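After the structure tokens below, expect a handful of questions from me.
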Amino acid sequence: SSEFFPLEKTALDLCDGYVLEVGAGVGSHALFLQENGFMVMANDIAEGAVDVMSARGVREVHCGPILDMPRGAFDTLLLLGRSIGLVEDLEGLRRFLRKSSTLVRSSGQMLLTSLDVTVTDDPKFQAYQDRNSAEGRYPGEIRFRMRYANLESDWIKWLHVDPGTLARCALEEGWVSETVATESDGNYLARLIRAP
């Protein structure tokens, strides 16, 4: 596990039972868990990523939305690399929390990493957050596009959610969120369990 960041290592240590990794990419975390005796389903929406995971030896892979997966099958939902950002905005986060609660057993958990964007001294980032707030958006809702040579992606919406906002949204959707670890740059790991 030496190739993993400290927050990832902590999250992997907290995994329990049958794990669903959401946004698994090329499957590094899934492979690590699998090699350590876990049952793991690695999920990604990118066919290329799923092909790479299979080629690397991840036994259970799923391409597409997680919501067509078996209800109540998993003990841990794992979202590392800030992949919770795929929900795009706070309404998307609430929708994801509501629907994903059907995937875990009643004693299950969700482990996720995100970024508190307010932990910055950079005037550019502060101006971006101020503009979001002025336009009625949550400061951690960002839009970006990727460029390589003369290629350019469409605009991508992404959510960085601070621990307090995550905890409030989680509670509204039947989860209790606790911050397990925080780094000085605002990156953090949260553990969510189903509300009693």
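The values are calculated or read from the model by the stated rules, or taken from the named source; none is laboratory data. As the structure is a prediction and not an experimental result, all values here were calculated from the model. To get the accessible areas, we keep the full protein, side chains included, count just its heavy atoms, and leave off ligands, DNA and RNA. Shrake-Rupley method; radii C 1.70, N 1.55, O 1.52, S 1.80 Å.
Work out the P(r) tail for region 114-162: percent of alpha carbon pairs separated by more than 14 Å, whole number.
For region 114-162, the share of Cα pairs beyond 14 Å comes to 57 percent.
Where only protein heavy atoms count, and the probe is 1.4 Å, what is the accessible area per residue for the chain in Å²?
53
Quick one, what does Rg over Rh come out to for region 149-196 if you take C-alpha atoms and the Kirkwood Rh?
Result: Rg/Rh = 1.19.
Oh, and also: Could you bin all the Cα-Cα distances of region 29-160 into 5 Å bins starting at 0 and give me the percent of pairs in each, rounded to whole numbers?
That works out to 2, 9, 14, 19, 18, 14, 11, 8, 4, 1, in percent per bin.
Right, here's the next one. Grab the eigenvalues of the alpha-carbon gyration tensor for region 47-125, scale each by 5, take roots, and send me the semi-axes largest first in whole angstrom.
The answer is 26, 19, 12 Å, longest axis first.
In region 1-102, what percent of the accessible surface is made up of carbon and sulfur (1.4 Å probe, ligands and nucleic acids excluded)?
About 53 percent, which is the carbon plus sulfur part of the accessible surface.
Please report the accessible area of Ser83 (heavy atoms, 1.4 Å probe, ligands and nucleic acids excluded) in Å², nearest 10.
10
Moving on. Probe 1.4 Å, all protein chains in place: accessible area of Lys157 in Å², nearest 10?
90
Less than 14 Å apart at the alpha-carbon level, and either on another chain or at least 8 residues along: which aspartates and glutamates does that give for Lys157?
Excluding near neighbours in sequence, the set is Glu88, Asp89, Glu91, Glu141.
Additional query: Where a Cα-Cα gap under 15 Å defines reach, which aspartates and glutamates qualify for Lys9, not counting those fewer than 8 residues away within the same chain?
Here the aspartates and glutamates satisfying the reach criterion relative to Lys9 are Glu21, Glu35, Glu183.
For region 116-191 and region 1-38, what is the separation of their C-alpha centers, rounded to whole Å?
23
Go ahead and set up a Gaussian network model of the chain, Cα springs under 10 Å, then flag whichever of Ala149, Ala11, Ala167 fluctuates most.
Answer for the Gaussian network model of the chain: Ala149.
Can you send over the carbon and sulfur percentage of the accessible area for region 115-185, probe radius 1.4 Å, protein chains only?
After summing per-atom areas, the C and S share lands at 53 percent.
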